Structures are given as C-alpha cells and as structure tokens.
Amino acid sequence: MRIINYFDSDRKDYWLGEIQKCDWEAARFLYDMLSNETFFDFVGEGSKVLLLTDGDELISFCTYAKKDDIPATDLTPWMGFVFTRPEHRGHHYVALLMEEVEKLAREEGISEVYISTSHVGLYEKYGCELKTKLKDMNGELSRVYVKKVGTTEAIG
C-alpha cells in the first residue's frame, strides 16, 4: 500500500473515477470540486488529496487542507473528507493517512491539525481530542477535534 497525492498523480482521471464510485455525500462533493476545478477555491491553495492505494484499488482517502467545512475560523490546517471504502473498514487505515497528514504538518512547522466530524469514538483512538463544537457550512453543529502533531496513541 502507498499514499499518493492526487495532484501529483499522472492518473488523475482514473483516481477521480474511483472517488466518484464512493457512496458518500461528501465524496460526491469532493468529486464535483475536483472535476470542476473548484477544489482550491473551497479549501485553499496548496491543499492536498491523499489517496491510500493498493495497486489500482482506492482503499481510503482524505484531504490535508487550509480550510474545511467550518466557515470563518482561524483554525488550520484540516484533515477532511476522511473516507475508507466499506470493505476495508476495521483495519485502521485512517492511521496511515493521519501519519501522512502529521508528516506534512511537521514539514510546515505546524503543531496541530483539526478534524470536523459528526463521528464520536473514531478519532479519539488516534490520539485526537475534542476541542470544541462549531457550526459547519450547512449550519449543523460539528465536533472539532485537534490532533497534536507528533503525538501517538495506541489504537484500540
């Protein structure tokens, strides 16, 4: 398995098609932004789409971005659009993506990464802590987690 940045891939059309196959509203939104070339308008220049792949199979993905679905906040950067295909869940593949996000943050001298989610109990096992609750772009209350870069927790 390896993690690739969608924007560095010479197979963008293929990976875009794989994202399109994901049965999740946010994945469809990500697909639309990528196919309409509005991704950077929404999440900020320099943001990345990280794909965990096994050969030609898309296992899991996330973004590492300046902005996410929480408007008007100075919190940055964000690990967003976190998705693992149903047949690959339960293997802690999110941990591999989180390690890559932490590596990118460390390279930028960043000490905290944020995650906006409605999930309870998922990110805690990766060392994330609930920071606050804020309204997302749809006006719904979202849990905002913080991951201290460089910290590790046992996955249970």
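The values are calculated or read from the model by the stated rules, or taken from the named source; none is laboratory data. Note that the structure is predicted; figures quoted are calculated from it, not measured. Note that each Cβ is placed from the backbone with ideal geometry, even for glycine, and that neighbours are counted across all protein chains shown. These accessible areas exclude ligands, DNA and RNA; they are computed on the full protein's heavy atoms, side chains included. Shrake-Rupley method; radii C 1.70, N 1.55, O 1.52, S 1.80 Å.
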Fill in the blank from the handout: Of the residues in the range 1-37 that are open to solvent by 50 Å² or more (accessible area, probe 1.4 Å) and in a loop (DSSP other than H, G, I, E, B), the one that is nearest to V94 (Cα to Cα) is M1
Handout entry: Condition check for F40: in contact with a Ser or Thr (Cβ under 7 Å, 6 or more places away or on another chain), farther than 18 Å from K131 by Cα and buried (at least 17 other Cβ atoms within 10 Å of the Cβ)
Key = no
Handout entry: Hits in the range 40-69 (condition: touching an Asp or Glu at 6+ places or on another chain (Cβ under 6 Å) and outside any strand (DSSP E or B))
Key = D69
Practice task
Within the range 101-123, work out how many residues are modelled with pLDDT of 95 or more, open to solvent by 40 Å² or more (accessible area, probe 1.4 Å) and within 16 Å of the chain's Cα centre (by Cα).
Solution key: 2
Practice task
Sort out which residues of the range 43-58 are under 22 Å from H91 (Cβ atoms) and crowded, with 20+ Cβ neighbours inside 10 Å, and write them in order of number.
Solution key: V49, L50, L51, L52, L58
Exercise for the section: Considering every residue within the range 100-122, establish whether at least one is within 30 Å of D13 (Cα to Cα) and in contact (Cβ under 8 Å) with a residue 60 or more places away in the chain. Expected result: yes
